[in-house]
Amino acid sequence: MNRKDINEIKSQYTLQDCGILKLCGCYVDGEKNKVTKIASTFLNLPEGEQHKYFDIFKKTLSGTPGKNLLDMRFNTDAYRQDGARTRLFALRDSELKDEGILDEFYDRVITSYDYPGNYLILLINQVYDVPGKTTDGIEMEDASNEVYSYILCSICHVSLSKPGLGYNEEINEFHDLRQFHIVDSPDTGFLFPAFNDRSQDDDGVLYYTKDADNFQNSFLSYVLDCNVPMPAADQKETFQNLVTETLGDTCDYVTVKNIHDNLNEMIEEGKGAPEPVTLDKVSARELLEKSGVREEKLADFEEHFERAAGDEGKLLASNLAATRKFEVKTPDVVVKVNPDKTDLIKTMIIGDKQCIVIEIDEHLEVNGISVNPETGEVIE
């Protein structure tokens, strides 16, 4: 799902457009016991509570596509009669009214979700009457292409509020505050079926993770039966290893800087596009070639890429480049530079030693004190 598809679903979480039929949930304690279950007709809830739930649902569809929000496809076994995809369809088609199907889902989540504390499993079933659009993108409210029925699952940690003093307005006094269990923003979640190109995609799931570097692998395997994607930090490490392996002893400052600059240029050019910028084995090779890596060094690059990321593997460009900083590090010195000013740093041989040289403009500051960049004198 691209950003446009995701935002179209998120836009339905308002009092005016809400099509949520049912809200269900299960509160689980740190010992994996079901403390209580909830089941409500969503529109019968108090308006204030509806808004709180809307915030949770929107958060489950927030983040960076390809990083916090990942398109996933089912494994072959998921299509079996007792497979994950079949179970999810049964859950959706029951409109969350079958207690047996709900309990089976809760049990699978509790078995596979890795968290030592209390948490809340939330489920909604929404029906969205997808409006048609003209060829120039104008929405036609009275023309519907299809009815999209889906389930959204949000798993939220539940924490105890901090103790403290609070003001009691009725008696105008301060007293101990009663502690409450507070539902946090979602940690993990998914949308099923996926909504691609403004239409239901029965073979896809949109998975949400708050921590892009720590996926719930057991949950993905046992509840969704999808291939576990490579986390953001692993993608960055994989790319760095590929660069190091490819360049070998020719890995120098200028080439690495060029790769960084070209990656950031790709990301900048891709802003506003429906799909995030990714690198496959071909585009990654082209990036290195453009950055000055010699042809002979790239002879086996695509083979190395396949071993590291898979034949059809893709790496998200924003996971590979630090768009807000450029860092040069030695054992004793760390230099951080504005990514737009990387040309201010050069390497130079001084006294038979390789040195990092930083160009100084009209302003120089040392430990917060302005000094003259030519004489080194303190500027009053």
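I'd like to check something: does the range 246-257 contain any residue that is more than 17 Å from the chain's Cα centre (by Cα), farther than 22 Å from residue 62 by Cα and modelled with pLDDT of 90 or more? No, because not a single residue in the range 246-257 is more than 17 Å from the chain's Cα centre (by Cα), farther than 22 Å from residue 62 by Cα and modelled with pLDDT of 90 or more.
Can you tell me which residue within the range 20-39, out of those that are over 26 Å from the mean Cα position of the chain (by Cα) and within 11 Å of residue 124 (Cβ to Cβ), is surrounded by the fewest Cβ atoms within 10 Å (Cβ to Cβ)? Result: 21.
Yes or no, residue by residue, for (1) among the basic types (Lys, Arg); (2) assigned by TED's automatic domain parsing to the domain that holds residue 244; (3) without any contact (Cβ under 8 Å) to a residue 40 or more places away in the chain; (4) on the phi > 0 side of the Ramachandran plot:
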residue	(1), (2), (3), (4)
279	no, yes, no, no
288	no, yes, no, no
310	no, yes, yes, yes
332	no, no, yes, no
339	no, no, no, no
347	no, no, no, no
351	no, no, yes, yes
354	no, no, yes, no
365	no, no, yes, no
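Restricting attention to the range 19-28, does a residue exist that is touching a residue at least 24 places away in the same chain (Cβ under 8 Å), in a loop (DSSP other than H, G, I, E, B) and either over 23 Å from residue 219 (Cα atoms) or not assigned by TED's automatic domain parsing to the domain that holds residue 219 (or both)? Scanning the range 19-28 turns up at least one residue that is touching a residue at least 24 places away in the same chain (Cβ under 8 Å), in a loop (DSSP other than H, G, I, E, B) and either over 23 Å from residue 219 (Cα atoms) or not assigned by TED's automatic domain parsing to the domain that holds residue 219 (or both).
Scanning the range 216-238 for residues being surrounded by fewer than 19 Cβ atoms within 10 Å (Cβ to Cβ) and of a type in the set (A, V, I, L, M, F, W, C) gives a total of 2. Residues of the range 155-189 being without any contact (Cβ under 8 Å) to a residue 60 or more places away in the chain, under 30 Å from residue 92 (Cα atoms) and among the hydrophobic types (A, V, I, L, M, F, W, C), which ones? Hits for the range 155-189 are 155, 182. Scanning the range 64-81 for residues that are within 19 Å of residue 236 (Cα to Cα) and aliphatic (A, V, I, L, M) yields 69, 70. Residue count for the range 282-308 satisfying the condition of being within 17 Å of residue 264 (Cβ to Cβ), crowded, with 17+ Cβ neighbours inside 10 Å and under 25 Å from the mean Cα position of the chain (by Cα): 2. Taking the criterion of being assigned to a loop (DSSP other than H, G, I, E, B), under 28 Å from residue 34 (Cα atoms) and not basic (Lys, Arg), the residues of the range 69-102 that qualify are 81, 82, 83, 94, 95, 96, 98. Summed over the range 319-340, the residues that are of a type in the set (A, V, I, L, M) and within 26 Å of the chain's Cα centre (by Cα) give a count of 3. Scanning the range 216-242 for residues that are of a type outside the set (Asp, Glu), in contact (Cβ under 8 Å) with a residue 60 or more places away in the chain and not in a helix (DSSP H, G or I) gives 216, 226, 227, 229, 230. Taking the numbered list (1) surrounded by 16 or more Cβ atoms within 10 Å (Cβ to Cβ); (2) of a type in the set (D, E, K, R); (3) farther than 18 Å from residue 339 by Cβ in turn, residue 261 passes all entries but (3). Elements of the type strands (runs of 3 or more DSSP E) sitting completely within the range 309-351 and holding at least 1 residues that are among the acidic types (Asp, Glu) and loosely packed, with under 13 Cβ neighbours inside 10 Å: these cover 326-329.
The values are calculated or read from the model by the stated rules, or taken from the named source; none is laboratory data. Being a predicted model, the structure only gives us computed values, none of them experimental. Don't worry about glycine lacking a Cβ; one is built from the backbone with ideal geometry, like all the others, and counts go over all protein chains shown.
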